[in-house]
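Bear in mind that the values in this text are calculations on the coordinates, not laboratory data. Keep in mind that this is a model prediction, so the values were computed, not measured. Here the Cβ positions follow ideal geometry from the backbone for every residue, glycine too, while neighbour counts run over all protein chains shown.
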Amino acid sequence: MGFRFQKRIGLLPWLRMNLSKSGASASLGPRGADVNIGRGGVTTNAGIPGTGLSYRSKLGGPGSMLGILAVVAGLGFWAFQHWNRIEKIVAPATASPAASSAIRYVHREGAVLRESESPSGKPLKKESRGAQVALIASDGEWAKVQDGDLTGWMRTSILGTNPPD
């Protein structure tokens, strides 16, 4: 039996460096639905977790379109399943460190927490005057806030750093 070596180093949640005796490669995408770029070319991989079933195809060869579609479908499925974790990874990059843990107080009765930063955004919850919310990010007119397990947008003008009188 020959000597083998394999080491995976996670660089980002969706990017890995693979090291082995035969060389280095990079994998892009979640495990089980990724694209591998290495010395041997570009390979697509798609599998059903926990079953042992998978499909692997070298790009440019016969059947490569099926492999690409499988990887795209796998990435889409993974993103759908992990959207909350993705949002938590992306949101801190847009928020200042001080704003990420700041508490704000609602200064208007019936203020609406919305799904998007728009007056026509779907209402998620009506807040009472004096309610505390955690500020995640602010872009001037709108602030992204978290109230318990709900995350949404409120107008910055109705939020204050101190409780209302």
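Starting with the highest mean, order 6-14, 148-156 by the number of other Cβ atoms within 10 Å, averaged over the residues of each peptide.
Numbers: 6-14: 10.8, 148-156: 16.3.
The peptides rank, most packed first, as 148-156, 6-14.
Which order results if Leu15, Leu59 are arranged by neighbouring Cβ count within 10 Å, fewest first?
Listed from fewest to most nearby Cβ atoms, that is Leu15, Leu59.
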In nm, what is the difference between 0.36 nm times the number of residues separating Ser128 and Lys7 and their Cα-Cα distance? 38.3 nm
